[in-house]
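Note sheet for the following structure.
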Amino acid sequence: MLWRKKMLWRKKKNPDPPENWDSYFCNVNNVFASIFLNLALNGIAPDPKRPYLIWIFVEMLTPRPDGLSSREEFDTLVTLEEDLTAVVKMEYEAECVGRITTDGRREFYFYGPRPLTSDSPQLSTFTKFPEYRVDFSGSELDSEWRQYLNVLYPNEEQMQMITNHRLLERLEQNRDSLSQKRNVRHWSYFPSAAARSRFLEHVSALGYHVYNVSENPSEPHRYGLAIERSDSVSRNDIDETVLQVLRLTNAEDGSYDGWETEVCN
């Protein structure tokens, strides 16, 4: 059985800063985008030692029609990012917190102790990739880390989709093709028995059955309910299913605690 779980933090030994990288799709300025970021920094943001935001844009050579990176360019972009990140860290002691891929370019965002300057010898000699236009765009004081917290960091639903996809990866690691429908259980907690009852009424109309009822007086959301239904676990289907339950839970001021299912080989 594959159990629901909280977000795992993948950390290096004695990390500084901690690392937990993942990605999600969204719209940025009404344009389709992919955001890749270090989620673990949410636990330390804002970092007073790195109050300056630095941004660097790279125009891609062969983007996909939707503006994201293509397979043909993937390996080169990975190497470029590694080298660019190393140079900025060496010159400015700045850490990369994430990137946005959109509209045919990659936007890299760093936080460091001082702003970007035009006379940096390291940056001015960054010519390992002469075919790419690398725009050392600028920097500004962002002591509250607004770019990271308000732009890069996922909202509740986007974070839930990241969690969904990690659980799907675990299923695949157990040789599950994700092609079979199976019982999927969802766990939600509510501040009152009445809120739980209203939620149950809504989900019952959608074909869900009660799997478990619980109560924990020490918790603010003390009234628990687990529901289950036979569903597809393909990426698109599970996102649609889970977000529907999440929204119904939130509508009753509840707390959604994830889902679980069986491994099907």
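Summary of computed values
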| quantity | calculated |
| --- | --- |
| Of GLU252, GLU157, GLU219, the one that fluctuates the most in a GNM where the chain has Cα springs shorter than 10 Å | GLU219 |
| Alpha-carbon centroid distance for the pair segment 138-159 / segment 23-91, whole angstrom | 13 Å |
| Nearest-20 debye value, the chain charge dipole, Cβ charges on Lys, Arg, Asp, Glu | 720 debye |
| Residues HIS209, HIS221, sorted so that the one with the fewest Cβ neighbours within 10 Å comes first | HIS209, HIS221 |
| Charge context of GLN244, other residues only, Cβ under 13 angstrom, K/R +1, D/E -1 | -3 |
| Span-rule helices in the chain, defined as complete DSSP H runs reaching 30 Å or more along the axis (Cα) with Kyte mean at least -1.0 | 71-92 |
| Top of ASN164, ASN155, ASN30 by mean-square fluctuation, Gaussian network on the chain, Cα under 10 Å | ASN30 |
| Sum of side-chain charges, TRP55 neighbourhood, beta-carbon under 13 Å (Lys, Arg +1; Asp, Glu -1) | 0 |
| For the chain, built as a Gaussian network whose Cα springs stay under 10 Å, the top-fluctuating residue of VAL78, VAL151, VAL134 | VAL78 |
| Prolate/oblate/rounded label for segment 21-152 (Cα gyration tensor, a/c 1.5) | oblate |
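Only the coordinates and a few stated rules stand behind these numbers; no lab work does. No experiment lies behind these values; they were computed from the predicted model shown. Reconstructed Cβ throughout: ideal geometry from the backbone, glycine too, with neighbour counts over all protein chains shown.
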